[in-house]
1. Go through the range 556-583 residue by residue and tally those that are surrounded by 11 or more Cβ atoms within 10 Å (Cβ to Cβ), farther than 30 Å from Ser125 by Cβ and either among the acidic types (Asp, Glu) or touching a residue at least 12 places away in the same chain (Cβ under 8 Å) (or both).
2. Filter the range 232-270 down to the residues that are of a type in the set (D, E, K, R) and surrounded by fewer than 24 Cβ atoms within 10 Å (Cβ to Cβ) and list them by number.
3. Report whether or not Arg490 is under 22 Å from the mean Cα position of the chain (by Cα) and surrounded by fewer than 24 Cβ atoms within 10 Å (Cβ to Cβ).
4. Here are some residues: Ile472, Ile432. Which one is touching a Ser or Thr at 6+ places or on another chain (Cβ under 8 Å) and either surrounded by 19 or more Cβ atoms within 10 Å (Cβ to Cβ) or farther than 21 Å from Leu126 by Cβ (or both)?
5. Whether any residue in the range 271-292 is modelled with pLDDT under 95, touching an Asp or Glu at 6+ places or on another chain (Cβ under 7 Å), farther than 30 Å from Pro521 by Cα and surrounded by fewer than 24 Cβ atoms within 10 Å (Cβ to Cβ) is what I want to check.
6. If I filter the range 379-391 for residues that are assigned to a loop (DSSP other than H, G, I, E, B) and of a type in the set (S, T, N, Q), do I get at least one hit?
7. Which ones in the range 51-82 are in a loop (DSSP other than H, G, I, E, B) and over 23 Å from the mean Cα position of the chain (by Cα)?
8. Search the range 88-117 for residues being crowded, with 21+ Cβ neighbours inside 10 Å and in contact with a Phe, Trp or Tyr (Cβ under 8 Å, 6 or more places away or on another chain), and hand back the single one that is farthest from Ala58 (Cα to Cα).
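The values are calculated or read from the model by the stated rules, or taken from the named source; none is laboratory data. Worth saying up front: this structure is predicted, and the values here are computed from it rather than measured. As a convention, Cβ positions derive from the backbone with ideal geometry for all residues, glycine included, and neighbour counts pool all protein chains shown.
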Amino acid sequence: MRREIEAITKRIRERSGPQREAYLARIDAAADQGPRRGVLSCGNLAHGFAACGPGDKAALSGDIVPNLGIVTAYNDMLSAHQPYETFPALIKEAARDAGGVAQVAGGVPAMCDGVTQGRPGMELSLFSRDVIAMAAAIGLSHNMFDAAVYLGICDKIVPGLTIAALTFGHLPAIFIPAGPMTTGLPNDEKARIRQLFAEGKVGRAELLEAESKSYHGPGTCTFYGTANSNQMLMEIMGLHAPGASFVNPNTPLREALTREAVKRALSITQLGNEYTPAGRMIDERSIVNGIVGLNATGGSTNHTIHLIAMAAAAGIAITWQDISDISDHVPLLARVYPNGLADVNHFNAAGGMGFLIRELLDAGLLHEDVRTIWGEGLRNYTVEAHLAEDGTVARRPAPAHSGDEKVLAPYPKAFQPNGGIRLLAGNLGSAIVKVSAVKPENRVIEAPARIFHDQEELNAAFKAGELTGDMIAVVRYQGPKANGMPELHRLTTVLGILQDRGHKVALVTDGRMSGASGKVPAAIHVTPEALDGGPIGKLRDGDLVRLDPETGVLEALVDAAEFSARRVVAPDLSANGFGMGRELFEGFRRMAGRAGAGAAVF
């Protein structure tokens, strides 16, 4: 194990000590109650299995047959989640075949950020993570279950489900993915058409045709945003079956992996000899492994928020400094759009998670001695899954060599020496920047600020021809307290065009830029946010700002006394409080924590 990674893990463990100990005591006390149905009265239990068939009812009447709770984020508007429609029936059948029972414990909401980008609904997106955690808790609170499987893939859904799984940490937990859609229109071609549309060179018909060829069928979107970063995390943290993350939906192998996951979930309950409670399984080493994987793959910046909230659910305290310091020691091994031209299907074909995990283990960058749902040791995950002749899952060692070193590099040929996620700090507060897709010559920018209070203002200024010359676009009042911290993905195209025209441009915002952030340097998640008294609220048009990921600096180059004396006058934000359900989330906006602490409402 590399001493640098070990040292960071040690400081996380020491920092987390009291709260981690209290958490483990709580889940151990819950486990001591024995199989869950044993604490229910006859009336409770009768309600719990009233709708079951005779066989399942008989099985559940005692405490000798494990009952598997299914928490599902199915809806058929999300392409990634549409395949889950048939999973509960398959899981129930697989559970009976394995000598157990399965019930749908509950459903959780699942919104598609791709649909809500730039729309009012995006202001509910970050908070949906916490709603998902709470909704899953309601389903599991019936206390009928010996283990749980979680059906979720996309952006806030997996973090929310993980928070729930760790809150119910006395239960074993397995995440069952549905896989990415097959490859469609290349991502760089999609981006080209978007830029042409923004410049008025093609019409809406051409744009919609390109988008429809990109997002064309069931499964996760194929670029490496938050959804696919989620899948990487679940596998490298040991919550997926080995090799399960990136197998396409509606294939025999995908069905076999689902059946196998059910069988495994039933085998690791407290009723057997391999009891693997999620809260004991996931520890500081697992979280550090997730951060290493995030950096090694150029993953979503959303996880600089989500991982903090996920870890906190298990009593583990991590910081942006931890993530940035790990990034300094972890090379970038994957080039998947927007960090390259390939998609996740190309990544999987080149060797996928098995190859990646083996390279990182052999380099001493991952903790090998962790518990997973597959048993002791992460080395179990250095494999690829395939379909055996009898229709079950078989595994073979990950390929010795990458199938495409332009997509997935061996450790000695890393694309860059670090993961590209950096902590920025200065008189504007703290922020995160990801530079894995930013060319070195574009990373350090010192330019006048242009101030905007939402992304539509910036886009309108672009259309009016007002954005000329070098600039740092400051888009503020986009934090959790102001409007729920939406992703500002619609800025990507405009800022990219300005950069392509030869201008030095960057973004500074207290909002999010998501896993789709790309070639333009973006200081995001600025904390404290403007509405929380953050100094980003003091910036004025024309102020010189320096964004320097190389030295970790985010500074307004303004006289210190003058900057300190400036008063902050918030704009009228009343429009953020109504429409598309936003009025229901007023309490969430008031309670939201800072981005650097996970932006949670609990």
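1. Applying the first criterion (surrounded by 11 or more Cβ atoms within 10 Å (Cβ to Cβ)) to the range 556-583 yields 556-558, 563-564, 566, 568, 570-571, 573, 575-582.
Right, trim to farther than 30 Å from Ser125 by Cβ and you get 557-558, 563-564, 566.
Then drop every residue that is not either among the acidic types (Asp, Glu) or touching a residue at least 12 places away in the same chain (Cβ under 8 Å) (or both), which leaves 557-558, 563, 566.
Counting residues in the range 556-583 that are surrounded by 11 or more Cβ atoms within 10 Å (Cβ to Cβ), farther than 30 Å from Ser125 by Cβ and either among the acidic types (Asp, Glu) or touching a residue at least 12 places away in the same chain (Cβ under 8 Å) (or both) gives 4.
2. Of the range 232-270, the ones of a type in the set (D, E, K, R) are 235, 254-255, 259-260, 263-264.
Selection gives Arg254, Glu255, Arg259, Glu260, Lys263, Arg264.
3. yes
4. Ile432
5. Taking every residue of the range 271-292 in turn, at least one turns out to be modelled with pLDDT under 95, touching an Asp or Glu at 6+ places or on another chain (Cβ under 7 Å), farther than 30 Å from Pro521 by Cα and surrounded by fewer than 24 Cβ atoms within 10 Å (Cβ to Cβ).
6. If we filter the range 379-391 for residues that are assigned to a loop (DSSP other than H, G, I, E, B), which is where we start, we get 382, 388-391.
Filter once more, so that each one left must be of a type in the set (S, T, N, Q): 382.
Checked against the condition, which is being assigned to a loop (DSSP other than H, G, I, E, B) and of a type in the set (S, T, N, Q), the range 379-391 yields at least one hit.
7. Start the filter on the range 51-82 by keeping residues that are in a loop (DSSP other than H, G, I, E, B), which leaves 51-53, 61-66, 73-81.
Scanning the range 51-82 gives Ala51, Cys52, Gly53, Ser61, Gly62, Asp63, Ile64, Val65, Pro66.
8. Ala110
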